[in-house]
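The values are calculated or read from the model by the stated rules, or taken from the named source; none is laboratory data. Predicted model, so just to flag it, every value in this text is computed and none were measured. Note that each Cβ is placed from the backbone with ideal geometry, even for glycine, and that neighbours are counted across all protein chains shown. Ligands, DNA and RNA are excluded from the accessible area calculation, which covers all protein heavy atoms including side chains. Shrake-Rupley method; radii C 1.70, N 1.55, O 1.52, S 1.80 Å.
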Amino acid sequence: MRLAPAGPDAVAIEVTDAAGGPVASVQALAVRAVSAQQLGAATGRGHDALLRVEWVPVPATADTSQRLAVLGGGAGEGPAPADAERFADLAALAAAGPAPELVVAPLTGDPGQQVPAAARGAIHRALALAQAWVTDERFAGSRLVLVTSGAVAVNPDEEVRDLANAAALGLLRSAQTENPDRLLLVDLADWADWAEVTRAVRQAAGSDEPQLAVRSGGLFAPRLARTGVAEGARAPWRTDGTVLVTGATGALGGLLARHLVSEHGVRHLLLTSRRGAAAPGAAELAAELTALGAEVSIEACDAADRAALRVLLDAIPADRPLTGVVHAAGVLDDGVLGALTPERIDTVLRPKADAAWNLHEATRDLDLTAFVLFSSIQGLVGGAGQANYAAANSFLDALAAHRRAQGLAATSMAWGPWAQGGMAAALTEADRNRFARTGMVPIAPEQGMALFDASLALDLAATVPLPLDAAALRARGADLPHLLRGLVRTPPRRAASGTEHTAPVQSIADRLAGLPAAERDEALLDLVRAEVAAVLDYTADAVDVRRGFKELGIDSLTGVELRNRLNKATGRRLPATLVFDYPTPAQLAQYLHTELVPEPESDLAPSGAPLAVPAAAEVDVQAIDDLDIEALIRMARDTAES
């Protein structure tokens, strides 16, 4: 078959048989770009991107072989069960000697606290516990099992009773993503005696699931499932009342305001943001909405300020009362788990979670037809480098379930990444590439508004508007997050026939031990090059093994991803500070050599030159400025020793 150009968007085709004889010809085949939305419309599956969380039963086989310890008191007051030891905290556990395989930490709260304060306290405690656990090498061979009660809703009619720890679970899901196999999340229907708790923990530990709920003696795991909503479905909006939109002067807020006016006939809009009418583009947005026939008020109001919100709502005219709320405000302060502080938690929590709770309390006695919370998929899947953002969004999801259980309107929409506007405005090219590797497809504005309408038409407490690339999901294979595993079928592993022999998988350490020294060195360098290239979307040949990781483009988040990829490749648990301790690919390869093939002296010497940590005079000054205090201390110690 031969192809030849036949115009700017067409090709000519000639088909011949094996002998070269003509079979068929096409004078011109026109080629047109087709969007995902057009494909969806043509196949009748335009809303495959609208998902929901379902909890599915999973096999429960108790693992009684692992030692178990329990931390603290709380729900576990009284003697520990016969098969578990009890310790006051992680420090006491570490002092007692080798840690058991399973360490149980109950996450409880103070019932007397107001919900926002309780959530903040729960997230702070979860952060401190997770940070201490993943950074202490004495616990490297153990798993921390964090147990909550009533922090998730397994059934649609189930109430989320523990809103505070529901938010903490968002942070912990991100901690799991950054530190695979180190943490296990288990939610109970209620706190029973400790014998029941440890039985549930042992059942959960026997599963490969990262998060489980125990209900009626069975185990349930979360999965995303398609909703099957009809194309064009939408719920009506009242046109005689006022709709409040927070975060309204941002790109997504403006998009939504236009949609409510032009598509739903909303005629009275109260739009708020931190700067109000002084925000860039606010005047133009107001003029556009007014031209569409709406009465618009743009106000500066921080919904996290209870008093300011009360003043704002009291000023709404009685002849057009508040009938709808869309909470789209939020901020980012991204950082890997080890870099987060309580202050950085609060920065993100305030405009999302505190404001949402204030809106809930201020409107709970009003006749609202819609109470919409703009959440994020990161709260469900555990976004690496976004533990504080995940916590804030998990609170929104839990609040929606809480309101529904009280008979109040509520829908939390856990959005995937937007193609433009919203938090997408802060994404780097590396961030976008990372999303692409996960299989998440950016949401176009028109598609987003269609998903917004369809979400409300479903009448659920929570939806997940998330376009996905099925091929990218399948390509991830065993690395696909458990939450997404119900959406695609991965190719089954072919069973070997009776005449075939399947050799056991050889570890990298065994492979290295069988190689001559020069080949072993090159194999390790190739491994590091390949993993760095995969993280950065480079070709392996483009990775200069003597350049620093920072110079190559590795930041704290991609450093975590690189460490996790090398963990999987080597079968080791490498330190979280890997790229700080060994700041070039060559030095990292030398470290792996000593770990995988211990020898008195490493002969790893790429390009015929011996490797050495750079002297202080050779270190990039800007790189020093970017190091944290622990890395600086290590550098000073290593320089002194050399």
State which residue pairs qualify: first residue in contact (Cβ under 8 Å) with a residue 24 or more places away in the chain and inside segment 367-381, second residue in a strand (DSSP E or B) and of a type in the set (Phe, Trp, Tyr) in any location, beta carbons under 9 Å apart, and separation of 6 or more residues or different chains.
PHE374/TRP415; SER375/TRP415; SER376/TRP415; ILE377/TRP415
Total residues in segment 106-132, condition touching a residue at least 40 places away in the same chain (Cβ under 8 Å), surrounded by 22 or more Cβ atoms within 10 Å (Cβ to Cβ) and within 29 Å of ARG563 (Cβ to Cβ)
6
Hey, among ALA225, ALA277, ALA213, ALA221, which residue is outside any loop (DSSP other than H, G, I, E, B), open to solvent by 10 Å² or more (accessible area, probe 1.4 Å), touching an Asp or Glu at 6+ places or on another chain (Cβ under 6 Å) and not charged (D, E, K, R)?
ALA225
Cβ-Cβ under 6 Å pairs, at least 6 apart or on other chains, segment 245-256 side under 11 Å from PHE374 (Cβ atoms), far side at pLDDT below 95 and open to solvent by 30 Å² or more (accessible area, probe 1.4 Å)
LEU252/GLY422
Among the candidates ARG125, ARG138, residue that is touching a helix residue (DSSP H, G or I) at 6+ places or on another chain (Cβ under 8 Å), modelled with pLDDT of 95 or more, of a type outside the set (Val, Ile, Thr) and closer than 18 Å to LEU90 by Cβ
ARG125
Please enumerate the residues belonging to segment 175-193 that are in a loop (DSSP other than H, G, I, E, B) and under 12 Å from PRO210 (Cα atoms).
ASN179, PRO180, ASP181, ARG182
Assess whether GLU299 counts as being assigned to a helix (DSSP H, G or I) and of a type in the set (D, E, K, R).
no
Output the residue which, of all residues in segment 502-560 that are among the charged types (D, E, K, R), in a helix (DSSP H, G or I) and without any contact (Cβ under 8 Å) to a residue 60 or more places away in the chain, is farthest from LEU596 (Cα to Cα).
ASP541
Of the conditions (1) loosely packed, with under 15 Cβ neighbours inside 10 Å; (2) at pLDDT 95 or above, ASP305 fails just one. Which one is it?
(1)
Is it the case, given these coordinates, that LEU309 is touching a Phe, Trp or Tyr at 6+ places or on another chain (Cβ under 9 Å) and within 26 Å of GLY170 (Cβ to Cβ)?
no
Give the number of residues within segment 312-352 that are open to solvent by 10 Å² or more (accessible area, probe 1.4 Å), charged (D, E, K, R), in contact (Cβ under 8 Å) with a residue 40 or more places away in the chain and within 26 Å of GLY170 (Cβ to Cβ).
5
Of all residues in segment 550-578 being over 24 Å from ARG511 (Cβ atoms) and more than 22 Å from the chain's Cα centre (by Cα), the one that is surrounded by the fewest Cβ atoms within 10 Å (Cβ to Cβ):
GLU551
Kindly check whether there is at least one residue in segment 536-546 that is farther than 17 Å from ASP521 by Cβ, at pLDDT 90 or above and open to solvent by less than 60 Å² (accessible area, probe 1.4 Å).
no
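Is one or more of the residues making up segment 278-300 touching a residue at least 40 places away in the same chain (Cβ under 8 Å), farther than 26 Å from PRO467 by Cα and touching a Leu at 6+ places or on another chain (Cβ under 7 Å)?
Yes; the residues of segment 278-300 include at least one that is touching a residue at least 40 places away in the same chain (Cβ under 8 Å), farther than 26 Å from PRO467 by Cα and touching a Leu at 6+ places or on another chain (Cβ under 7 Å).
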Test ALA88 against the criterion of being in contact with a Gly (Cβ under 7 Å, 6 or more places away or on another chain), at pLDDT 90 or above and open to solvent by 40 Å² or more (accessible area, probe 1.4 Å), and give yes or no.
yes
Those residues of segment 197-210 that are open to solvent by less than 40 Å² (accessible area, probe 1.4 Å) and charged (D, E, K, R) come to a total of 2
